[in-house]
Amino acid sequence: MVFRMLVKAGEEGFPAGEIAEQLGIPAATLSFHLKELANAGLVTSRKDGRSIIYSMNPRGINCLMGFLIEDCCQGQTELCITAECCEDVKASKRQNKPPDTKRK
């Protein structure tokens, strides 16, 4: 949920305290997860007064996605996730049921 929240916020990000408040996560737990996301290069942090603002790192996310799909489906791109699959996931969320993961 933390990562998704930061992705939705974009480069503007959120102060750590606001993330903890919105998600109902104890500060120590949130700090651990933010540190690991930062170590993985998926989020960045910056100081703003007394607050630390966390935001997504688009370059890090793109690198991770590239790594994950580099050998996806053994080079058979027609087997990879498409926009159609994304629509299936969105539809299942609207209907509050698990997405259909079977290939059509």
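Here, each number is a calculation from the coordinates, and none is a lab measurement. As the structure is a prediction and not an experimental result, all values here were calculated from the model. With ideal geometry, Cβ positions are generated from the backbone for all residues, glycine too; neighbour counts draw on all protein chains shown.
Structural remarks
- Once you divide the Cα radius of gyration of segment 2-56 by 2.2 N^0.38 Å, the number left is 0.98.
- Sum of side-chain charges, GLN22 neighbourhood, beta-carbon under 12 Å (Lys, Arg +1; Asp, Glu -1): 0
- Neighbour-count order for VAL43, VAL2, fewest beta carbons within 10 angstrom listed first: VAL2, VAL43
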